[in-house]
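Visitor: Before anything else, here's the structure in question.
The values are calculated or read from the model by the stated rules, or taken from the named source; none is laboratory data. Predicted model only: the values in this text are computed from it and were never measured. Note that each Cβ is placed from the backbone with ideal geometry, even for glycine, and that neighbours are counted across all protein chains shown. Ligands, DNA and RNA are stripped out before the accessible areas are found, and what is left, the full protein with its side chains, is counted by its heavy atoms. Shrake-Rupley method; radii C 1.70, N 1.55, O 1.52, S 1.80 Å.
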Amino acid sequence: MAAIYLVRHAQASFGARDYDKLSALGEQQAARLGQTLAEVQPALVVSGSMRRHQQTATLAGFTAEVDAGYDEFDHQEVIVAHKPAYRNHAVMVAELARTGHPQRAFQTMFTAATDRWMSGADGYSETFEAFCERSGAAVRRTAERLGKGESAVVFTSGGPIAAVVSRLLSGGDGLWPKLNPVAINTAITKVVSGRGGLTVVSYNEHVHLGTELLSYR
């Protein structure tokens, strides 16, 4: 069978105006990831088109070709559709800071925002269903390019990985809201491709991080 290693990007710049770049911790995570993947000799290395995907690949020691099918959903659009005032980044940061626990407050707000997106409400350039279809199609494209015994490493985001795993495990998207929030930076999910199609054999593996480099956002 062929194997596809789906890797969530290293920590991006949470709370910054430009989220799509690795933090200092993220750079350390990516380097550690590279040590873990050193024994893998993939026939194919792919990343989404986002800067955090490509930075993670580079710092882990890989040169990746781009497949935008692995891009994360537009989290800013999802947030703004839920709370239009958060179109102003400074307003969002200030309001979350006033809670005294900004990361916890963000997670509560973000869960409500993604619930609205999943419900099929208006205001999105990409529906939740279309996002899940796009993510699954990207993995199938990768699998089709692999021969028997070959492997691919894919640098992507937690959302697409959760979408793929949910459909492979349950045949639908119902597991996504449970899987997506627990995605860990640089965690590895393994999918194998054989005669029976695609099968998930591990999800969110992150033992390489220890406790000192662990992060969810």
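Visitor: Which residue out of L213, L169, L198 is within 18 Å of the chain's Cα centre (by Cα), open to solvent by 30 Å² or more (accessible area, probe 1.4 Å) and not β-branched (V, I, T)?
Guide: Values: L213 fails: open to solvent by 30 Å² or more (accessible area, probe 1.4 Å); L198 fails: within 18 Å of the chain's Cα centre (by Cα).
L169 is the lone residue from the list that is within 18 Å of the chain's Cα centre (by Cα), open to solvent by 30 Å² or more (accessible area, probe 1.4 Å) and not β-branched (V, I, T).
Visitor: I'm told K21 meets every condition in (1) in contact (Cβ under 8 Å) with a residue 60 or more places away in the chain; (2) surrounded by fewer than 18 Cβ atoms within 10 Å (Cβ to Cβ) except one. Can you identify the failing condition by its number?
Guide: (1)
Visitor: Looking for whichever is under 20 Å from the mean Cα position of the chain (by Cα) and either assigned to a loop (DSSP other than H, G, I, E, B) or crowded, with 19+ Cβ neighbours inside 10 Å (or both) here; the options are T56, T108. Which one fits? Spell out how you get there, then give the answer.
Guide: On the way: T108 fails: either assigned to a loop (DSSP other than H, G, I, E, B) or crowded, with 19+ Cβ neighbours inside 10 Å (or both).
Going through T56, T108 in turn, just one is under 20 Å from the mean Cα position of the chain (by Cα) and either assigned to a loop (DSSP other than H, G, I, E, B) or crowded, with 19+ Cβ neighbours inside 10 Å (or both): T56.
Visitor: Looking at (1) touching a residue at least 60 places away in the same chain (Cβ under 8 Å); (2) open to solvent by 50 Å² or more (accessible area, probe 1.4 Å); (3) among the hydroxyl-bearing types (S, T, Y), which is the only condition Y70 fails?
Guide: Going through the list (1) touching a residue at least 60 places away in the same chain (Cβ under 8 Å); (2) open to solvent by 50 Å² or more (accessible area, probe 1.4 Å); (3) among the hydroxyl-bearing types (S, T, Y), Y70 breaks only (2).
Visitor: Scan region 173-217 residue by residue and report those that are part of a loop (DSSP other than H, G, I, E, B) and touching a residue at least 40 places away in the same chain (Cβ under 8 Å).
Guide: Answer for region 173-217, where residues must be part of a loop (DSSP other than H, G, I, E, B) and touching a residue at least 40 places away in the same chain (Cβ under 8 Å): D173, A183, I184, N185, T186, A187, L213, S215, R217.
Visitor: Follow-up question, since we're still on this one. Hey, S49 hits all of (1) outside any helix (DSSP H, G or I); (2) in contact (Cβ under 8 Å) with a residue 40 or more places away in the chain but one; which does it fall short on?
Guide: (2)
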